[in-house]
1. Within region 43-54, track down each residue that is outside any strand (DSSP E or B) and on the phi < 0 side of the Ramachandran plot.
2. Within region 44-60, how many residues are out of contact with any Leu (no Cβ under 9 Å at 6 or more places or on another chain) and either within 19 Å of residue 21 (Cβ to Cβ) or not basic (Lys, Arg) (or both)?
3. Is it true that some residue in region 55-78 is buried (at least 17 other Cβ atoms within 10 Å of the Cβ), part of a loop (DSSP other than H, G, I, E, B) and either modelled with pLDDT of 95 or more or touching a strand residue (DSSP E or B) at 6+ places or on another chain (Cβ under 7 Å) (or both)?
4. Residue by residue through region 28-49, note down the ones that are in contact with a Gly (Cβ under 9 Å, 6 or more places away or on another chain) and at pLDDT 95 or above.
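The values are calculated or read from the model by the stated rules, or taken from the named source; none is laboratory data. Predicted model only: the values in this text are computed from it and were never measured. Using ideal geometry, Cβ is built from the backbone for each residue, glycine included, and neighbour counts are taken over all protein chains shown.
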Amino acid sequence: MKLASKGSKLGIGSPIVVVEAPKMIKTAASVPCLRVNAGLVKPGDVGRIVSRKPKDVWAVRLSIGTYLIDGKYFKPLEELAD
């Protein structure tokens, strides 16, 4: 696995894979909803970056919807393939 800075590999449309399930998840809707992650976002889920938010938070489109996820909970999909 290559060790590279996350910012250099991620951009809008980049595929990602969740490596650790966050305890709380927040929707990326115009009126966001914060809730306990009751198995909605799981390790191994694959999604795409929709936008970048402050403090290493990313809007990620998953099969169940678009959520704001901290960068520590996912890795670029290509990074895992190396």
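1. 43, 45, 54
2. 5
3. Checked region 55-78: no residue is buried (at least 17 other Cβ atoms within 10 Å of the Cβ), part of a loop (DSSP other than H, G, I, E, B) and either modelled with pLDDT of 95 or more or touching a strand residue (DSSP E or B) at 6+ places or on another chain (Cβ under 7 Å) (or both).
4. The answer is 48, 49.
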